[in-house]
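The values are calculated or read from the model by the stated rules, or taken from the named source; none is laboratory data. Note that the structure is predicted; figures quoted are calculated from it, not measured. All Cβ positions, glycine included, derive from the backbone under ideal geometry; neighbour counts span all protein chains shown.
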Amino acid sequence: MQNRHSQHISREFNDELETIRSQVLRMGGLLETQLDKAILAMLDNDAVLAAEVKHGDAEINQMEMEIDAACIDVVARRQPAASDLRFIIGVFKTIAELERMGDESKRVAKMSAAERASVLPVEINTELRHMGELVQNMLHDVLDAFARMDASAAVAVAQSDERVDDKYELISTAAMRCMVEDSASVSAAMSLMWAARSLERIGDRCQNVAENVIYLVLGRDVRHLPLDGLLEPSG
Amino acid sequence: MPAQSSKPDLLQNSLLQNEPDDVVVSIRQLHVSYRQRQVLQDINLSLRSQHVTALIGPSGCGKSTLLRCLNRLNDLDERCTVTGQVLVNGRDIYAVEEDVVSLRREVGMVFQRPNPFPKSIFDNVAYGLRLLGVSTRSDLQQQVRKSLQDAALWDEVRDRLHSSALELSNGQQQRLVIARALAVQPKILLLDEPASNLDPISMLKLEELIATLKINYTILIVTHNMQQAARVSDFTAFMDAGELVEFAATSDLFTTPKQRRTEDYITGRYG
């Protein structure tokens, strides 16, 4: 599916769609780096890395605006139809999700681990690390599904969000228990919950991108449908 | 004219059973050949009342031929053979007893190039009415006025009804021939690339008119302009090489076509 746009009669139109596609992948790549750094900064309490994440977000914002403009241009000048139309609409929605995942990454990076380590049980930190890995995998896989226009890979990503949600439940329950048992841990537990919350939101947004991929490949709107149904062929 | 299929009744019954109640035209297993060359193959299509259906497809795909089957304009060429059924309000228009003149009154047609008669604006619209025997001055005036109003032309020509129709602009002439078609109170309007010679503003006026007319008529439009089909129609049929490749609600066909050939055509890819 790499060259799905290569058959247009208009080579220019081809090039425009291909450029948009590779820009989205570049934006996704930047976001992956941001998220990786943010999780590291959070777990290792690395202020320098956290500052890098903060500055790096500007480039993601800029890319969203550039891709947005390119999509508007295609709509205005080419009046895309069918799969081209779904591609453009899918990109519009996807880059908005990516931009917000950038914002969430910034929030993750801001969370300090120093006080947390001192007052919270070590297991919670381990869970948070696991949750971070799950979300990193989701982001990687959904970008991969977008690059390959692979609907079944997108379905798998959408389904994996459940594991992230479970982790979030587990972490927030543990954090609340700490707060109940020891009032000195409130600040640390809150900070932990915010970080977990941001990761959970990134997982949700990866699921949204996965749904966009399914829409642009199959033309089916699978939002708000039970996940089991996503694998069934369209009727 | 009998359909040439081994199992016409079975197929037809199943097709008819699934039809919505407001179907005005049913085309069933229609085959058309021209000098032994098959130009339309097994067309099955239904047009619903008060809806606009667009026919799109590459040049020579048979869309104008299909349009002309609905008012038997192909009959004028004896090298043309039509088999299958076209039912207009349940009546087989290719049946022996069918009166072609009254059929064409029921099924009005507008062509690519506006073709007003070299007469006054008034006489153009009154032409069909006079043929039908409307003769009193006040009846004629009233019906001409109504037709011109329905065709969204009245305000532009009310002060010069007796000047020549040929003095009108292209866009006005196209609306005049629509008024002429409307005067005899057809049920169905066939539009064969009606906007292809119009400037963008006249084209938009015509599209606006189509949107108004569909409240009272069943409209079938052939157009090369896919964006126009997308704008004006409720249903779209994509034809290629004499076949009806895909028929769907316009919004479905232009976002999620089911057939690869439709996809390639509307996105401008090599077939």
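Structure notes:
- Residues within the range B:225-237 that are within 17 Å of B:S26 (Cα to Cα) and not polar (S, T, N, Q), tallied: 3
- Counted residues, the range B:76-99 - those being touching a helix residue (DSSP H, G or I) at 6+ places or on another chain (Cβ under 7 Å) and either closer than 18 Å to B:A181 by Cβ or acidic (D, E) (or both): 2
- Among the conditions (1) more than 14 Å from chain A (Cβ to nearest Cβ); (2) surrounded by 23 or more Cβ atoms within 10 Å (Cβ to Cβ); (3) more than 14 Å from B:K63 (Cβ to Cβ), the only one that B:N216 does not satisfy is (2).
- Filtered residue count, the range A:60-81, keeping only those that are of a type in the set (G, A, S) and part of a loop (DSSP other than H, G, I, E, B): 1
- Pairs are defined by a Cβ separation below 7 Å, a sequence spacing of at least 6 or placement on different chains, a first member in the range B:168-179 that is without any contact (Cβ under 8 Å) to a residue 40 or more places away in the chain, and a second member that is of a type in the set (K, R); the pairs so defined are B:G171/B:K205.
- Total residues in the range B:107-129, condition surrounded by fewer than 16 Cβ atoms within 10 Å (Cβ to Cβ) and over 27 Å from B:L220 (Cβ atoms): 2
- Within the range B:237-257, restricting attention to residues that are at the interface with chain A (Cβ under 9 Å from one of its Cβ atoms) and in a loop (DSSP other than H, G, I, E, B), the residue that is nearest to the chain's Cα centre (by Cα) is B:P257.
- Scanning the range B:124-144 for residues that are in contact with a Leu (Cβ under 9 Å, 6 or more places away or on another chain) and either closer than 18 Å to B:A181 by Cβ or among the β-branched types (V, I, T) (or both) yields B:N124, B:V125, B:A126, B:L129, B:R130, B:V134, B:L140, B:Q143, B:V144.
- Residue count for the range A:105-124, restricted to those that are surrounded by fewer than 23 Cβ atoms within 10 Å (Cβ to Cβ), within 11 Å of A:A195 (Cα to Cα) and modelled with pLDDT of 85 or more: 3
- Here A:E99 fulfils each of the conditions (1) under 18 Å from A:R197 (Cα atoms); (2) within 14 Å of another protein chain (Cβ to nearest Cβ) apart from (2).
- Filter pass, B:A165 being buried (at least 20 other Cβ atoms within 10 Å of the Cβ), out of contact with any His (no Cβ under 6 Å at 6 or more places or on another chain) and among the hydrophobic types (A, V, I, L, M, F, W, C): yes
- When each of A:A47, A:A69, A:A58 is tested for being out of contact with any Phe, Trp or Tyr (no Cβ under 8 Å at 6 or more places or on another chain), surrounded by fewer than 23 Cβ atoms within 10 Å (Cβ to Cβ) and within 24 Å of A:L128 (Cβ to Cβ), the lone residue that passes is A:A47.
- Taking the criterion of being of a type outside the set (S, T, N, Q), crowded, with 20+ Cβ neighbours inside 10 Å and more than 11 Å from B:H51 (Cα to Cα), the residues of the range B:227-245 that qualify are B:A229, B:A230, B:A237, B:F238, B:M239, B:D240, B:G242, B:L244.
- One residue from B:L189, B:L209 being closer than 22 Å to B:V107 by Cα, in contact with a helix residue (DSSP H, G or I) (Cβ under 7 Å, 6 or more places away or on another chain) and part of a strand (DSSP E or B): B:L189
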